[in-house]
């Protein structure tokens, strides 16, 4: 009998729901039945409500089963991995997969993340090989033409940032990958690092060769132990195979990199505070200018890019800028890996061209709430993102489109709440979070967030005269904070107040009281 | 509870950690992570030695240790339970799990239970936002936590 190829994900979202025990059960059951199994530990396909999702390969086609518990494994073998209640059919035919355009996440969930051979067999390193034949200026043109903008949320054109670093004169330049993915509702960076780490390595190597940087760092948050482990292993393999080192793929270019682990500070996702942290200092925000592109890590010119931005670089160079640019809407070009999370029936990672409406993401793709209750609000873009009511569900997913509606797409996390959500409580939480995580450098954030919690508490006690005070405080924080933590905390607070006023008047007392 | 390291032990081990990081650019965070991995917290006695090794002031080292949520200035319990408080977990009933954990352990945030020695810490996002409520017990991530699962996990660590 030929070997049975079985895939059990090693993504943290699968491990957190007992994927390890499922893998053990598969191997134990195979041994009892004397069936030879080739077990592949892949990343996650992104259908997180189905995790652990097990796949078997039959005649070159992968068939999915999920969510699988260790107790289901025996019955799945009994059914010869065919007709079974957990059978989902060929993975690629599942509606959730068919509706996506996977460019950045093309390999995630498909390959063993630590197999460089599998990576190459699926298009990996083609972009880097092409880049090695190009001049720095031509690479910048390619990046600019692709239209890629910073996927951390700021949306700054990546090609322009790279060009600033490329043209700077210095004896040392750096590439820094921002993997401090602290926004609630986001996990795309984690999934990419755990599911296709070589794409990040390749993207960073291309960036290094383009701008003349020979060293790179991934600043990776400590809350992601699996990603830290996988990234470190991948770097070790890439170095051993000559992808990294004194001669990248045998070329005249040198590039090497390492992982640096954060220490639980949300504000370190802000690029200047990240650089201070990387230097071994308190993660306090720096004033700009100077731009990190000119004076970044240790005062040297530094590219600081998000993981998804860097992880998208290889496919741009592999398939050409035009291929990437031709997807999208308006000034938001290419695809965006949207993370659908919170109280939603079908949560996970959905990569699609810019332009899908928020309502389609929540109702059609996400399938509405898991609790079955009506959707009350959707927070887009992490803890600094606005709460959108159903009346704004026709907003298309794009940088300018969300900005025009008083929100932001941020790192493209979408968190769904049902009608039991207390929006005053969520506004309070936004202020509390800002107070806990403030770096303390600027007054509007450091003190404003504390006063914000107190003011929301006054409103909660029925003192509606504090509402104008909260609005005024938000204006001050928005206009005069140094970075997005203090500057954007007003987004969730004010959107909650504007769109859900009833929650702020629930205990309103008579003025005479 | 871990006992504070003996001075000779501390200096020897710390010297080795500093030597391991001699070529690092920006070595302080990796050093502090290594120190915490060794003793479970950053012993105050270590600060002047690290400061001298890196040629920075003791105040600078203290500033960094106190800035980051991860670094502990005193030992934690035998086990560390971090529960996600962020919005996506709240949307999936996280506050109920927070309350259940506090009640069962008999502590508030940052406290250590008398039974089992479990230190309870908040965490803001483990990246398991579609499968919340999520938590991390001694470095192991757990998702889709309900009260029954919380109970069995805490029983595993005798709390």
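Every number in this text was worked out from the coordinates using simple rules, so none of it is lab data. Everything numeric in this text was worked out from a predicted model, so none of it was measured. Ideal geometry is used to build each Cβ from the backbone, glycine not excepted, and the neighbour counts take in all protein chains shown.
For the segment B:21-28, counting C-beta atoms of other chains within 10 Å of every residue's C-beta and taking the mean gives 4.
Sorted on the mean count of surrounding Cβ atoms within 10 Å across their residues, most packed first, peptides A:189-201, A:228-240 read A:189-201, A:228-240.
Counted over all Cα-Cα pairs of the range A:116-325, pairs farther apart than 21 Å make up 48 percent. Of the peptides A:140-151, B:76-87, the order by per-residue mean of other Cβ atoms within 10 Å, starting with the highest, comes out as B:76-87, A:140-151.
Rounded to 0.05, the FRET efficiency of the residue A:126 and residue A:506 pair, given R0 = 56 Å and the Cβ-Cβ distance, is 0.45. When the Cα gyration tensor is reduced to axis lengths a ≥ b ≥ c, the ratio a/c is 1.5 or higher for the range A:423-504, and with a/b above b/c it is classed as prolate. Computed on the Cα trace of the range A:120-212, the radius of gyration divided by the Kirkwood hydrodynamic radius gives Rg/Rh = 0.97.
Once the mean of 1/r is taken over each pair of separate Cα atoms and inverted, the range B:79-156 shows a Kirkwood hydrodynamic radius of 12.0 Å. Of all the C-alpha pairs in chain B, what % are more than 24 Å from each other? Taking all Cα-Cα pairs of chain B, the fraction more than 24 Å apart is 43 percent.
Plainly put, the range A:173-282 has a radius of gyration that is 0.97 times its Kirkwood radius, both from alpha-carbon atoms, as the Rg/Rh ratio. Per residue of A:339-348, other chain Cβ atoms within 10 Å of the residue Cβ number 5 on average. Taking the centroid of alpha carbons for each part, the range A:133-167 and the range A:191-251 are 19 Å apart. Beta bridges per DSSP, both residues in the protein assembly as shown: antiparallel share near 55 percent.
Between residue A:94 and residue A:35, full extension at 0.36 nm per residue minus the direct alpha carbon distance yields a gain of 18.4 nm. As an equivalent ellipsoid, the range A:265-423 spans semi-axes of 31, 21, 13 angstrom, where each value is the square root of five times an eigenvalue of the C-alpha gyration tensor, largest first.
Between helix B:58-67 and chain B, what is the angle of the helix's C-alpha long axis to the longest principal axis, kept within 0 to 90° and rounded to the nearest 10? Long axis of B:58-67 versus the principal axis of chain B: about 10 degrees. Only Cα pairs under 8 Å and 6+ residues apart enter the sum, and on that basis the relative contact order of the range A:145-282 stands at 24 percent.
Report, in degrees rounded to the nearest 10, the 0 to 90 angle that the Cα long axis of helix B:147-156 makes with the longest principal axis of chain B. Compared with the principal axis, the helix lies near 40 degrees. If you wrap the range A:24-66 in the convex hull of its Cα atoms and look at it from every side, the mean projected area works out to 3.5 nm².
Axis angle, to the nearest 10 degrees, between helix B:94-105 and the longest C-alpha principal axis of chain B: 70 degrees. Only alpha carbons enter this Debye calculation for the range B:7-67, each as an equal point scatterer, and the log10 of I(q)/I(0) it gives at q = 0.20, 0.21, 0.24, 0.28 Å⁻¹ is -0.68, -0.76, -1.03, -1.46. Note on residue A:141 and residue B:146: with the Förster distance fixed at 56 Å, the Cβ-Cβ geometry gives a FRET efficiency of about 0.55. Once you sort the root eigenvalues of the Cα gyration tensor of the range A:4-98 as a ≥ b ≥ c, which label holds: rounded (a/c under 1.5), prolate (a/b larger than b/c) or oblate (the other case)? Cα axes put the range A:4-98 in the oblate bin. Cα-based radius of gyration for the range A:328-394, normalised by 2.2 N^0.38 Å, reads 1.09.
Each part reduced to its alpha carbon centroid, the range A:283-308 and the range B:121-159 end up 35 Å apart.
Across the range A:366-477, Cα-Cα pairs farther apart than 22 Å form 42% of the total. Annotation for the range A:451-483 versus the range A:8-39: alpha-carbon center distance of 52 Å.
Which shape class, rounded, prolate or oblate, goes with chain A when its Cα gyration tensor gives a ≥ b ≥ c as root eigenvalues, a/c under 1.5 marks rounded, and past that a/b bigger than b/c marks prolate? Here chain A falls in the oblate category.
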